[in-house]
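Below is one structure, written out as structure tokens; the observations come after it.
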Amino acid sequence: MSLKTFTIGVALVASTALITHSLTSQDGDAPKFANKMEEMMAAMAAGMPGEHHKELAQTAGEWDIASSYWMDPSMPAEKAPAKSEIKMILGGRYMFETFTMDSMGGPFEGHLIMGYNNITKEYESIWIDNMSSGMSYTSGASDGHGNYEMNGTKVDVRTPRGRPFRMTTAQNEDGTVTFKMFDTDHDGKEMLIMENVYTRS
């Protein structure tokens, strides 16, 4: 590493630490640093991937998906094959998934970015796709064995102010992975709207 690269890196980390400090200094629970160097080192440690990121990395690869989804929960599920490619990005800090499926006669594509926030101690995700103009955010936890539960707020034309939704990921004994998405109906009850079973290609 050149001196110039190191200097730029330290400057960026120091700037991040300074901004973080300015945003949290009024929080009674914020850590008290003895000096800027100590704060900078803490910021660097918080930005490093660890065991939780290694857990995410176990999903990397190509997957075939049997997808079932419900436009109307009272009706039988629509079924379609789908594909998923998962890789780790930004030095192993984030899982990046590309999901593709032919849905309702047209191509559907979505991208999931998921990571573990060392500061909040939660998994966080962002979902975007080619059938919406907004991003879906979730946060949640894992049992340490690849089983996740993520919760968020769904914003669309039906509920512009948002409504709860939930996603779960479960590891199966045969090596497949089951993903489920739950929405909230007009009466405030949770309903299953999608179930995807992942099998490694």
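The values are calculated or read from the model by the stated rules, or taken from the named source; none is laboratory data. As the structure is a computational prediction, the values presented were derived from the model and not from experiment. Please note: Cβ atoms are built from the backbone with ideal geometry, for glycine as well, and neighbour counts cover all protein chains shown.
For the reader, a short list of remarks on this structure follows.
- Leading residue by the ranking (nearest to residue 140 (Cα to Cα)) among those in region 53-82 that are hydrophobic (A, V, I, L, M, F, W, C) and within 20 Å of the chain's Cα centre (by Cα): 56
- Out of 92, 115, 175, one residue alone is under 24 Å from residue 53 (Cα atoms), in contact (Cβ under 8 Å) with a residue 12 or more places away in the chain and over 17 Å from the mean Cα position of the chain (by Cα). It is 175.
- Within region 118-141, considering residues that are among the hydrophobic types (A, V, I, L, M, F, W, C), part of a loop (DSSP other than H, G, I, E, B) and touching a residue at least 12 places away in the same chain (Cβ under 8 Å), the one farthest from residue 56 (Cα to Cα): 131
- Residue in region 145-156 that is of a type outside the set (Phe, Trp, Tyr) and free of Cβ contacts under 8 Å to residues at least 12 places away in the same chain present: no
- Flag if residue 195 is over 30 Å from residue 41 (Cα atoms) and either in the same structural domain as residue 71 (by TED's automatic domain parsing) or part of a strand (DSSP E or B) (or both): yes
- Filter pass, residue 199 being hydroxyl-bearing (Ser, Thr, Tyr), within 21 Å of residue 61 (Cα to Cα) and within 17 Å of the chain's Cα centre (by Cα): no
- Looking only at region 14-32, and only at residues there that are outside any helix (DSSP H, G or I) and under 14 Å from residue 119 (Cβ atoms), the one that is modelled with the highest pLDDT: 31
- Options 124, 173: the member that is charged (D, E, K, R) and buried (at least 17 other Cβ atoms within 10 Å of the Cβ): 124
- Only one of 85, 122 that is of a type in the set (D, E, K, R), within 18 Å of residue 145 (Cα to Cα) and within 18 Å of the chain's Cα centre (by Cα): 122
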